[in-house]
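The values are calculated or read from the model by the stated rules, or taken from the named source; none is laboratory data. Model, not experiment: these values are computed from the prediction. All Cβ positions, glycine included, derive from the backbone under ideal geometry; neighbour counts span all protein chains shown.
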Amino acid sequence: MRLEFHRYRLSILINLINLEEVKMERYYFRRATIDDLDILLELNNTLTIDTWTMEKFQQAFEYEIPILLIANSSNVTVGCIIYLFCLDEVRIIYCVVNQTFRNKGLGTKLVNEVLLEARKSNARYVLLETRTTNFPALSLYTKLGFRIIHIRQDYYTHLINEDAYLMEYEL
Ligand SMILES: CC(C)(COP(=O)(O)OP(=O)(O)OC[C@H]1O[C@@H](n2cnc3c(N)ncnc32)[C@H](O)[C@@H]1OP(=O)(O)O)[C@@H](O)C(=O)NCCC(=O)NCCS
């Protein structure tokens, strides 16, 4: 019993140390190029649902859609966000953080960077869709100030059919 308790305390301590390391770590943003296709596919493979095909990424490069990568100081790419400019709106169409780096503030960094870009471009709104049961995504966006403005019925058809929340951030 005592041993179990010590193990439990030790695991909490290790988690705290890991979290501190992530907080202290420096992260860098860079725009992806076609040479990053393998990196993107690797990140994409950490998803269990709503994955993109290679053709979809290639198309994004073809149309010069911004693909932003976030990497740590060891140059390991840990996340990616893809967004579109459309008149006075910016649309986030893809956002992923590598599974082992989740819940450490990197999703927040990615979305904040897009909000910054949106402000620079004088956009008025940032919009996105998310599954109604995607709680990590929902709490990330809600925490940042997005609000649900509409429900799109049967929006998702990949693996699990589901509605989407359309969420908006007013700049
Ligand atoms: C959604 C996603 C990008 C969030 O990235 P992340 O780096 O884990 O996000 P953050 O660490 O910045 O977390 C931000 C907030 O989200 C919430 N959150 C994150 N992970 C969570 C989880 N597993 N359960 C509940 N809430 C969670 C927390 O409220 C957190 O705020 P806090 O740290 O102040 O408590 C990531 O989970 C992911 O890649 N998911 C798979 C792809 C996906 O669903 N993308 C979104 C499509 S719309």
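Listed here are the residues, each with its yes/no results for (1) over 22 Å from Thr130 (Cβ atoms); (2) modelled with pLDDT of 95 or more; (3) within 13 Å of the chain's Cα centre (by Cα).
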{"residue": "Ile39", "(1), (2), (3)": "yes, yes, no"}
{"residue": "Asn44", "(1), (2), (3)": "no, yes, yes"}
{"residue": "Thr53", "(1), (2), (3)": "no, yes, no"}
{"residue": "Glu64", "(1), (2), (3)": "yes, yes, no"}
{"residue": "Ile82", "(1), (2), (3)": "no, yes, yes"}
{"residue": "Glu89", "(1), (2), (3)": "no, yes, no"}
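For the range 132-155, taking the residues that are within 13 Å of the ligand (Cβ to nearest atom) and part of a strand (DSSP E or B), the one that is surrounded by the most Cβ atoms within 10 Å (Cβ to Cβ) is identified as Tyr155. Among the residues of the range 72-106, those that are among the polar types (S, T, N, Q) and within 15 Å of the ligand (Cβ to nearest atom) comprise Asn72, Thr77, Asn98, Gln99, Thr100, Asn103. Listed conditions (1) within 13 Å of the ligand (Cβ to nearest atom); (2) hydroxyl-bearing (Ser, Thr, Tyr); (3) touching a residue at least 24 places away in the same chain (Cβ under 8 Å) are all met by Tyr125, apart from (1). Against the conditions (1) within 16 Å of the ligand (Cβ to nearest atom); (2) within 17 Å of Leu127 (Cα to Cα), Leu69 satisfies every one except (2).
The one condition from (1) surrounded by 15 or more Cβ atoms within 10 Å (Cβ to Cβ); (2) without any contact (Cβ under 8 Å) to a residue 60 or more places away in the chain that Leu116 does not meet is (1). Does the range 108-131 include one or more residues that are within 22 Å of Leu47 (Cα to Cα), part of a loop (DSSP other than H, G, I, E, B) and of a type in the set (Lys, Arg)? Looking for residues that are within 22 Å of Leu47 (Cα to Cα), part of a loop (DSSP other than H, G, I, E, B) and of a type in the set (Lys, Arg), one finds none in the range 108-131, hence no. Taking Gly105, is it out of contact with any Gly (no Cβ under 6 Å at 6 or more places or on another chain), buried (at least 18 other Cβ atoms within 10 Å of the Cβ), within 24 Å of Glu25 (Cβ to Cβ) and not aliphatic (A, V, I, L, M)? Considered against the rule, which asks whether it is out of contact with any Gly (no Cβ under 6 Å at 6 or more places or on another chain), buried (at least 18 other Cβ atoms within 10 Å of the Cβ), within 24 Å of Glu25 (Cβ to Cβ) and not aliphatic (A, V, I, L, M), Gly105 comes out as no.
Of the residues in the range 51-64, none is assigned to a strand (DSSP E or B) and either touching a helix residue (DSSP H, G or I) at 6+ places or on another chain (Cβ under 9 Å) or surrounded by 13 or more Cβ atoms within 10 Å (Cβ to Cβ) (or both).
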